[in-house]
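Worksheet for the structure shown next.
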Amino acid sequence: MEDYKYLFKVVLIGNAGVGKTCLVSRYTKGFFPPGQMATIGVDFMIKTVEIDGDKVKLQIWDTAGQERFRSITQSYYRSANALILVYDVCSQQSYESLPHWIHEIELYAGTKVLSYLVGNKIDQADKREIPTHVGREFAERYEMRFLETSAKEADNVEKLFCSIAHQLTAQARDLELRPEQQNTFVTGGSTPISPPGCCKF
């Protein structure tokens, strides 16, 4: 018998070096990995949380940002319930690559996927190149939710994944109440970001 009620697939995408692996490690293992090597292809971790009495399993996929792995990682988009597009707030180049990633989402992801734009590495304030309002405006333009994080300092990491777990669970429950909608599983709503510490472990 399964030990969870819902299983959701969350996929992180974005340029190499923006901190995708560090975000996953911080959330699933509770630590920031020093000297992290570049991800080869794809990797995934599992995190089980409790949302309003139900056990929810998040299957979190960390994809490589290098171009040579793109054909591999694209296959993971379509089955994703949530996509997290990450850029480095200290890298103008990673921000300028966002339209390319948006194009890939439009090509390969499901139309109802829950999508977030995340500006990582806010702990490096002295090196910041992308102001918060610039990232937020980009997210609004593409109807994405927006958050800035620091995998190193754990700022907003829990908040990010908790919000995703809450929203996907709410959408799944809504579909259970409306069985005629089952073929559209997981819709992108306007549920606000949940406060940190919202998940029970």
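Descriptive notes on the structure:
- Accessible area of the stretch 6-175 belonging to carbon and sulfur atoms, whole % at 1.4 Å probe: 49 percent
- Cleavage-rule hits (trypsin sites (Lys or Arg not before Pro)) in the stretch 72-125: DSSP loop, at most 16 neighbouring Cβ within 10 angstrom: Arg78, Lys112
- Cross-link pairs exceeding 18 Å between alpha carbons, from the set Lys29/Lys57; Lys55/Lys112; Lys29/Lys152; Lys57/Lys159: Lys55/Lys112.
- Subtracting the Cα-Cα distance of Glu176 and Ile46 from 0.36 nm times their residue separation leaves 44.4 nm of extension gain.
- All other residues whose Cβ lies under 13 angstrom from that of Arg136 are scored, Lys and Arg at +1 and Asp and Glu at -1, for a net of -2.
- Per-pair calculated FRET efficiency, R0 = 30 Å: Tyr4 and Glu129 via Cβ, rounded to 0.05: 0.15
- Full extension of the chain between Arg141 and Gln92 gives 15.8 nm of extra length, using 0.36 nm per residue less the Cα-Cα distance.
- Normalised by 2.2 N^0.38 Å, with N the number of residues, the alpha-carbon radius of gyration of the stretch 6-175 equals 0.96.
The values are calculated or read from the model by the stated rules, or taken from the named source; none is laboratory data. From a predicted model like this one, the values you see are computed outputs, not experimental measurements. As a convention, Cβ positions derive from the backbone with ideal geometry for all residues, glycine included, and neighbour counts pool all protein chains shown. Protein only, heavy atoms only, side chains kept; ligands, DNA and RNA dropped before computing areas. Shrake-Rupley method; radii C 1.70, N 1.55, O 1.52, S 1.80 Å.
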